[in-house]
Each structure stands twice: as C-alpha cells, then as structure tokens.
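Here is the structure we will look at, set down as structure tokens.
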Amino acid sequence: MTQAPAWLVSMVLHVAVLLTLALIVTPPPENAGIKTIESPPTESVDDVEEIQPVDLTPDDQETQEEVEEVTEAPQTVEVETVEVVSDASDLAAAQTSIDVSDMSADISVSTDLLKTVGKSGGSKAGFGARANAATQKEMIKAGGGNPDEIIRAVESSCDWFKRHQMPDGGWSFDFRQCPGCMGKCKNPETESHLKDRAAATALALLPMLGQGYTHTAQGTKGKYRQQVDKGLAFLCQAVIAGRGKAYSGGGNMYSQGLVGIVLSEAYGMTKDQRLAVPAQAAIDFIMAAQDPVGGGWRYQPRQAGDTSAVCWQVMALKSGNMSGLRVDPMVVKKVSTFLDFVQSDGGAAYGYSSPGDRPALNAAGLLCRMFTEWKKTNEALLRGAKKLAKGGPSKDMYTSYYATQVLYHVKQQLPKEWDDWQRKMSQMLIKAQFTDGHQAGSYYEGFNTGHAPHVGGRIYVTSMATMTLEVYFKHGLPLYQDTGKETDDFVE
C-alpha cells in the first residue's frame with residue numbers, strides 16, 4: 001500500500017465505505033402510507049344483438065287475414081314459425097322505479113283535471129270536451145246525436161263496469177267470480193284470455209275515461225273515482241313489474257296498445273306525476289317493439305306487422321303525444337312504410353298483412369293515415385270514407401268503432417255521409433243495450449260477430465260499443481285537429 005499511488009489508495013477507501021453503507025438497511029417509518037394509482041374500472045358492454053330482417057310478406061295471406069283479434073294470437077301459430085328479433089325482456093324499454101302502493105288510496109287533492117294539454121281551442125280541445133256535461137251535450141248535438149239518449153247509454157255502461165271490478169282493482173274477461181256479479185251475467189270469456197287481465201282492465205277503464213271520470217276528479221266527475229283509481233294502480237303495477245311491458249298470460253301487443261292509451265289519457269287528463277313514469281314506460285315499450293324493417297306491430301315485439309295491431313299502437317302513441325309524453329317522430333314516420341305495403345286502391349283500402357280490401361281493416365288503415373300524415377282533404381281518404389259510409393254501421397263493433405272515428409273526423413268534408421252514419425249507429429247501439437236486470441248497461445247478444453267478441457266476451461263488446469257512442473265528445477278535437485296542416489308535431 002505504501003508503494004501504491006495516492007489516487008489508488010483514495011479510490012479503494014471510498015469504495016469500501018460505499019459498500020459498507022449499502023449493507024445498512026433502514027426500515028421505513030411505521031406511519032408511512034404507500035399510495036398507489038389505479039386505473040378506473042373498465043365498463044362492461046353487453047353484446048348488442050344484431051337485428052335480422054323480418055320478412056313482411058306472409059306465407060299464407062288468406063289464413064292470416066282470417067285471424068284479426070284484439071287480444072289473442074292465433075292458436076295455430078307455433079313459436080318456431082314466427083321470427084321475433086328480440087324477446088320482450090331484451091327490449092330497450094325504460095328502467096322504471098316508482099312507488100304505486102298508494103295509487104288505491106283516497107286522493108283529496110282538488111285539481112282542474114281536464115285542461116288542454118299544450119293545445120289551443122278552449123274547452124273543446126285536448127281532453128276538455130270530457131270535463132263538463134254541458135259541453136258534452138253541446139258537442140253531441142252539434143254532431144247530430146241525441147244528447148240525453150247517448151249520455152244515458154254511456155253512463156249505464158260505466159255503471160255496469162263498476163259492478164264488475166275485481167277485488168284487486170283490475171277486471172277479468174271471466175267475471176263470474178266477481179263479487180258484484182257472481183255469474184249473473186252471461187257471455188264471459190273463460191278460456192284463452194282468462195289470464196289477460198291487462199286488456200280486460202284497459203277495456204273497462206277506457207269508457208270511464210272517455211266520459212271524463214278520473215281518479216282525481218271532484219264533484220259529479222268523481223263518481224267513479226275509487227274504481228278508476230284502483231284500476232290505474234293495477235295497470236301501473238303491471239307496467240312497472242314488466243319494465244314497460246303491460247301484459248302477461250294470454251296477452252300480447254294488442255293488450256299493450258290498450259294499456260298505453262289508458263295510461264296516456266289518465267296522465268293527460270290529470271297530470272298526476274305518479275302516472276308519468278308508468279305511462280312513458282308503456283309508450284317506450286311500444287316504440288321499442290316496432291318491426292325495425294316493416295314499421296308495423298303484431299302479436300309479439302318486432303314481428304312483421306298487421307293492420308289491426310298497428311292501429312292500437314298508433315292510437316296509443318297519438319294519445320301519449322297529446323298528453324305530453326315523449327314519442328319519437330321517426331317511429332311514427334315508419335308506420336307509413338307498413339301502411340304503404342298493405343294498402344290497395346291507391347290508399348283507400350287496406351289488408352291485414354298484405355294489400356286487401358275489408359271494411360274493418362279499411363277503417364283501421366284510414367284512421368292510422370289520419371293520425372300520421374294525411375289531411376282531411378286527401379282524395380284517397382275521402383274515397384275510402386265514402387265506401388265505409390255506404391256499407392253502413394255494422395254489428396261487428398270492431399268495424400263500427402274505427403269507421404265511426406274516421407267519418408266523425410271528416411264530417412265537415414262528408415256531412416251527409418256522417419249524418420246518415422251517426423243516426424243509424426247511435427240508434428242501433430241505444431236500442432241494443434240491456435236496460436233491465438243485472439246485465440243492464442252491457443252489450444253482447446246481436447253483436448257477437450266479426451272480430452274478437454269470442455276473445456273478450458261481454459267486456460270487450462260493451463267497451464267498444466260505449467267508446468263508439470263517446471266519439472262525439474271523446475274525440476271532439478283532440479286526436480285529429482282542424483289545423484289545416486298536413487302533419488303536426490306528432491310526425492315532425
């Protein structure tokens with residue numbers, strides 16, 4: 001070392017010191033926290049089911065045209081023969097959560113319930129014509145009807161429905177076990193639609209709402225307040241449980257359309273915010289269930305459409321739009337694609353799922369045209385309406401219900417046709433209604449023909465007949481207004 005250069009000795013000593021220091025380990029303080037940076041969790045994305053094209057052309061046109069029912073799919077149709085793009089549970093219906101447990105409670109809030117919803121025209125616009133007995137009589141008289149006879153018949157029907165409500169608040173096509181009936185009425189539906197409570201309940205509530213009865217009404221319009229309240233609660237609970245889907249059991253999209261109309265009208269008439277979510281959910285389900293290719297609806301979501309099912313959905317969407325609910329204009333516009341496919345005679349006539357010419361479907365098709373795009377002066381519309389008028393009112397209430405609406409909306413263009421129609425129609429229904437005994441206020445005998453009386457029985461026929469008589473004031477101006485516009489915000 002004595003002979004080594006000074007710089008080498010210094011280097012060796014420094015290296016030794018550094019090695020010694022490296023062997024000394026100092027433990028970290030006990031309170032020292034160790035912070036880590038984590039990346040945010042990756043959101044899982046569900047696989048999106050590809051929408052497969054649905055063939056709008058039926059395999060057997062004649063067979064399918066024979067099965068126009070309001071609430072039941074044909075018994076002969078097997079699941080594997082029907083192409084459904086998505087099951088109902090997979091639809092993009094709204095996620096909903098609302099407490100409807102108090103819907104059946106007594107509501108003592110005084111409210112001016114029948115105001116116009118976003119429309120002008122005073123007491124005769126929106127739902128306003130239902131609010132006042134004097135207004136109803138005025139509009140019936142203006143339409144050529146007998147106010148006293150028509151209102152008496154409507155009130156009698158509402159009373160019959162009141163007496164046939166089930167204890168849970170809903171109605172049943174098989175009303176034999178109803179405490180208010182216990183088998184006293186004939187012609188219940190006892191088989192295929194025994195479990196379709198949603199459709200039965202909607203058909204019972206529609207005439208009451210049409211007459212202006214709601215769950216919040218006061219005075220004379222609160223006459224059936226409790227019955228309407230419990231019925232709405234029954235439907236709200238079904239919609240919430242089904243995430244927008246209202247039907248179960250033997251029900252289908254016909255039932256959905258009926259419930260959509262009821263909840264939309266009840267919300268529009270009262271603006272009860274408890275109804276806002278279930279009403280919108282029911283409408284959302286209808287929109288999501290539209291056939292993405294052909295633009296129609298049928299028994300199951302996203303099936304190729306039929307004119308009968310389409311009309312109920314269009315009326316529900318129109319009622320929703322009128323009540324201030326969200327309705328996608330593109331859904332409405334796509335309905336024209338379907339109507340174009342099934343029309344004949346230049347749009348004056350319509351078939352079931354292909355071009356045709358049958359009174360019930362002609363009326364349904366023309367009504368859909370009026371609600372979606374056509375002006376009252378449309379040549380094909382007036383030609384089709386004249387054809388309906390020439391055939392006269394039918395005891396097939398499905399035909400008369402739609403045809404009466406079509407002719408009422410064009411009464412200014414076809415005054416003679418309307419006057420002749422309404423006179424025959426009102427006389428037929430007023431004379432045919434039961435007036436004695438437990439069945440007083442109801443309809444069935446003589447009207448058990450045509451579409452769906454064997455499906456819905458006495459409840460269905462009574463509902464359709466009553467709603468037909470209500471056309472004078474129920475649709476005073478609300479669904480198809482004299483704006484002179486070819487379209488409105490429903491499709492724009």
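The values are calculated or read from the model by the stated rules, or taken from the named source; none is laboratory data. Source: prediction; values computed, not measured. A quick note on method: Cβ atoms are made from the backbone with ideal geometry, for glycine too, and the neighbour counts reach across all protein chains shown.
Any residue that is within 30 Å of Q413 (Cβ to Cβ), among the polar types (S, T, N, Q), at pLDDT 95 or above and out of contact with any Lys or Arg (no Cβ under 6 Å at 6 or more places or on another chain) - is there at least one of those in segment 164-173? So far as segment 164-173 goes, no, none of its residues is within 30 Å of Q413 (Cβ to Cβ), among the polar types (S, T, N, Q), at pLDDT 95 or above and out of contact with any Lys or Arg (no Cβ under 6 Å at 6 or more places or on another chain). Every condition in (1) over 13 Å from L366 (Cβ atoms); (2) in contact with a Phe, Trp or Tyr (Cβ under 9 Å, 6 or more places away or on another chain) is met by D436 except one, and the failing one is (2). Of all residues in segment 292-345, those that are charged (D, E, K, R) and either in contact with a strand residue (DSSP E or B) (Cβ under 7 Å, 6 or more places away or on another chain) or free of Cβ contacts under 8 Å to residues at least 60 places away in the same chain (or both) total 6. Scanning segment 391-418 for residues that are over 25 Å from E373 (Cα atoms) and in contact with a helix residue (DSSP H, G or I) (Cβ under 7 Å, 6 or more places away or on another chain) yields G391, G392, P393, S394, D396, M397. In the set A380, A389, only one residue is assigned to a helix (DSSP H, G or I) and crowded, with 19+ Cβ neighbours inside 10 Å; that residue is A389. None of V277, V228 is of a type in the set (V, I, T) and touching a Phe, Trp or Tyr at 6+ places or on another chain (Cβ under 6 Å) except V228. For H438, indicate whether it is at pLDDT below 95 and in contact with a Cys (Cβ under 8 Å, 6 or more places away or on another chain). Taking the combined requirement at face value, the residue satisfies it. Residues considered: A142, A133, A198. Of these, the only one that is over 23 Å from G441 (Cα atoms), modelled with pLDDT of 80 or more and small (G, A, S) is A142.
Annotation for segment 205-221: no member residue is touching a residue at least 60 places away in the same chain (Cβ under 8 Å), touching a His at 6+ places or on another chain (Cβ under 7 Å) and farther than 29 Å from K333 by Cα. Just one residue in the set Q237, Q165, Q226 is crowded, with 21+ Cβ neighbours inside 10 Å, in contact (Cβ under 8 Å) with a residue 24 or more places away in the chain and either under 23 Å from Y472 (Cβ atoms) or not hydroxyl-bearing (S, T, Y) (or both); that residue is Q165.
Every condition in (1) over 30 Å from N146 (Cα atoms); (2) out of contact with any helix residue (DSSP H, G or I) (no Cβ under 6 Å at 6 or more places or on another chain); (3) buried (at least 18 other Cβ atoms within 10 Å of the Cβ) is met by M428 except one, and the failing one is (1).
Of the numbered criteria (1) surrounded by fewer than 24 Cβ atoms within 10 Å (Cβ to Cβ); (2) touching a Pro at 6+ places or on another chain (Cβ under 7 Å); (3) under 27 Å from C185 (Cβ atoms), the one S400 fails is (1).
Scanning segment 391-434 for residues that are farther than 14 Å from T468 by Cα and under 28 Å from the mean Cα position of the chain (by Cα) returns V410, K411. For segment 289-301, check the following and say yes or no: at least one residue is of a type in the set (S, T, Y) and buried (at least 24 other Cβ atoms within 10 Å of the Cβ). Scanning segment 289-301 turns up no residue that is of a type in the set (S, T, Y) and buried (at least 24 other Cβ atoms within 10 Å of the Cβ).
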